[in-house]
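The values are calculated or read from the model by the stated rules, or taken from the named source; none is laboratory data. All of these numbers come straight from a predicted model, not from anything done at the bench. For neighbour counting, all protein chains shown are included, and Cβ atoms are generated from backbone atoms with ideal geometry for every residue, glycine included.
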Amino acid sequence: MRRESGLRRWPRDASRVAFRRDRARRARPAAAALTRVAPIAAIMVHVGDVGGAQAWYRRAFPRAVPRRDAAMAFDYLEIDGVPVEFVPADAKVASGACGSVVYWRVEHLPTALAHFESVGAARHRGPMRIGGGQAMCQVRDPWGNCIGLRGPAD
């Protein structure tokens, strides 16, 4: 069959329709897996001193629980259910403030900020009000990585 433009039109037979439908079904699970978001799986922090970083983060986050993956012989901290893994900085990923920042929800921002400064964190950005009685700021750990804090301002 010909269209006015001169292009041939494909017949809509059952096998062609079934092929398209099957291909679409196979594609859905992969697309759904890419668009589904779950809680944070882990935070990887690149540092110059892994042992020193674990000790510092335990002081900075008093509720941090030391954990060990025996199969991998790998130590990490768990902070409110989120694994925080410390790995050596290298040529591909250096330590420091150069990208994404994870913000931790705190009960009272001024108190949390004072605590982090008391264990040696340096104020990097803020605090600044963000609306709804909330404020946020960033501090830097001794290796230059940013830690975001977010919570009530007053």
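Looking for whichever is at pLDDT 90 or above, under 18 Å from ILE43 (Cβ atoms) and surrounded by 13 or more Cβ atoms within 10 Å (Cβ to Cβ) here; the options are LEU109, LEU149. Which one fits?
After ruling out the rest, the residue left standing is LEU149.
GLU107 passes all but one of (1) in contact with a Lys or Arg (Cβ under 6 Å, 6 or more places away or on another chain); (2) in a loop (DSSP other than H, G, I, E, B); which number fails?
(1)
Check off (1) small (Gly, Ala, Ser); (2) in contact with a Phe, Trp or Tyr (Cβ under 8 Å, 6 or more places away or on another chain); (3) more than 20 Å from ASN145 (Cα to Cα) for ALA89 and give me the number that stays unchecked.
(3)
Kindly list the number of the only condition in (1) assigned to a strand (DSSP E or B); (2) within 17 Å of the chain's Cα centre (by Cα) that fails for ARG129.
Result: ARG129 fails condition (2) only.
Considering only segment 49-80, state which residues are in contact with a Leu (Cβ under 8 Å, 6 or more places away or on another chain), of a type outside the set (Ser, Thr, Tyr) and not in a strand (DSSP E or B). Quick ask: steps written out before the conclusion?
As a first pass, look at segment 49-80 and keep what is in contact with a Leu (Cβ under 8 Å, 6 or more places away or on another chain): 54, 57-58, 61, 64-67.
Narrowing the set further to residues that are of a type outside the set (Ser, Thr, Tyr) leaves 54, 58, 61, 64-67.
Listed by number, the residues that qualify are GLN54, ARG58, PHE61, ALA64.
So, in segment 112-126, how many residues would count as being surrounded by 14 or more Cβ atoms within 10 Å (Cβ to Cβ) and part of a helix (DSSP H, G or I)? Quick ask: steps written out before the conclusion?
Within segment 112-126, the subset surrounded by 14 or more Cβ atoms within 10 Å (Cβ to Cβ) is 112-113, 115-116, 119, 121, 124-126.
The next check asks that each one be part of a helix (DSSP H, G or I); those that pass are 112-113, 115-116.
Selection size over segment 112-126: 4.
Of everything in segment 132-151 that's of a type in the set (D, E, K, R) and not in a loop (DSSP other than H, G, I, E, B), which residue is nearest to the chain's Cα centre (by Cα)?
We begin by selecting, within segment 132-151, every residue of a type in the set (D, E, K, R); these are 140-141, 150.
Retained after the next criterion (residues that are not in a loop (DSSP other than H, G, I, E, B)): 140, 150.
Details: ARG140: 17, ARG150: 15 Å.
The selected residue is ARG150.
Are there any pairs, at least 6 apart or on different chains, whose C-beta atoms fall under 7 Å, with the first in segment 39-63 and surrounded by 11 or more Cβ atoms within 10 Å (Cβ to Cβ) and of a type in the set (A, V, I, L, M) and the second assigned to a helix (DSSP H, G or I) and at pLDDT 95 or above, and if so, which?
Final answer for the pair search is VAL45/ALA53; VAL47/ALA53; ALA60/PHE116.
Considering segment 81-104 alone, what residues qualify as being surrounded by 13 or more Cβ atoms within 10 Å (Cβ to Cβ) and assigned to a strand (DSSP E or B)?
Across segment 81-104, the qualifying residues are VAL82, PRO83, VAL84, GLU85, PHE86, VAL87, TYR103, TRP104.
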